[in-house]
Amino acid sequence: MGGRRKSRELALQVLYQIDISCENDRSALDLFWESFKVSKESREFSERLVVGVSEYKEDIDKIIEKYSKNWSLKRMPRVDRNILRLAIFELFYCLDIPAKVTINEAIDLGKKFGTEKSGSFINGILDSVSEDIYKGGYRSRERD
């Protein structure tokens, strides 16, 4: 398993923990790292994702709500909601990661940790978000 894939899985677990416990990102990360030992690279990327999602959570949640037709954020399974948060953070704030990679990784996370419908649900929302990102000029297809 690739280093970044493992980092995304770890970040998802921490975000899920935060979602359930309402802890802040730092205390959740500290508790998580006490329990699990991972490479420095995986830890750094995981923390980048968790801290970033936490910092921009309000904006990210608005984007999810805008693109998820007939689904309120509260009705979504926690796993799907947090995978979407991770991916939307990457799409908007990690421009060094190609959008296709972000979307594919999110779909794979959904298939692995979510329900049988998670992959297609996540794919539908992220495809719409990414299309608007390109149309709006926020990302360039040439760079991705």
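The values are calculated or read from the model by the stated rules, or taken from the named source; none is laboratory data. No experiment lies behind these values; they were computed from the predicted model shown. Using ideal geometry, Cβ is built from the backbone for each residue, glycine included, and neighbour counts are taken over all protein chains shown.
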Original post:
Restricting attention to the range 15-38, which residues are surrounded by 15 or more Cβ atoms within 10 Å (Cβ to Cβ) and outside any helix (DSSP H, G or I)?
Top reply: E23, V38
**OP:** Taking only the range 42-66 into account, find how many residues are over 15 Å from the mean Cα position of the chain (by Cα) and farther than 12 Å from L10 by Cα.
**Re:** 1
Original post:
Looking at (1) part of a helix (DSSP H, G or I); (2) free of Cβ contacts under 8 Å to residues at least 40 places away in the same chain; (3) farther than 16 Å from N123 by Cα; (4) not polar (S, T, N, Q), which is the one condition that is false for K66?
Top reply: (3)
Original post:
under 23 Å from S128 (Cβ atoms), at pLDDT 95 or above and of a type in the set (F, W, Y) - does that describe any residue in the range 66-78?
Top reply: no
Original post:
surrounded by 15 or more Cβ atoms within 10 Å (Cβ to Cβ) and assigned to a helix (DSSP H, G or I) - does that describe any residue in the range 95-102?
Top reply: yes
**OP:** Could you run through the range 75-94 and say how many residues are within 12 Å of the chain's Cα centre (by Cα) and not in a helix (DSSP H, G or I)?
**Re:** 1
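Residue by residue, here is whether (1) under 17 Å from G114 (Cβ atoms); (2) free of Cβ contacts under 8 Å to residues at least 12 places away in the same chain holds:
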| position | (1), (2) |
| --- | --- |
| C22 | no, yes |
| L49 | no, no |
| R81 | yes, no |
| I88 | yes, no |
| Y93 | no, no |
Subject >> E90 being modelled with pLDDT of 95 or more, buried (at least 17 other Cβ atoms within 10 Å of the Cβ), of a type outside the set (A, V, I, L, M) and out of contact with any strand residue (DSSP E or B) (no Cβ under 8 Å at 6 or more places or on another chain) >> reply: yes
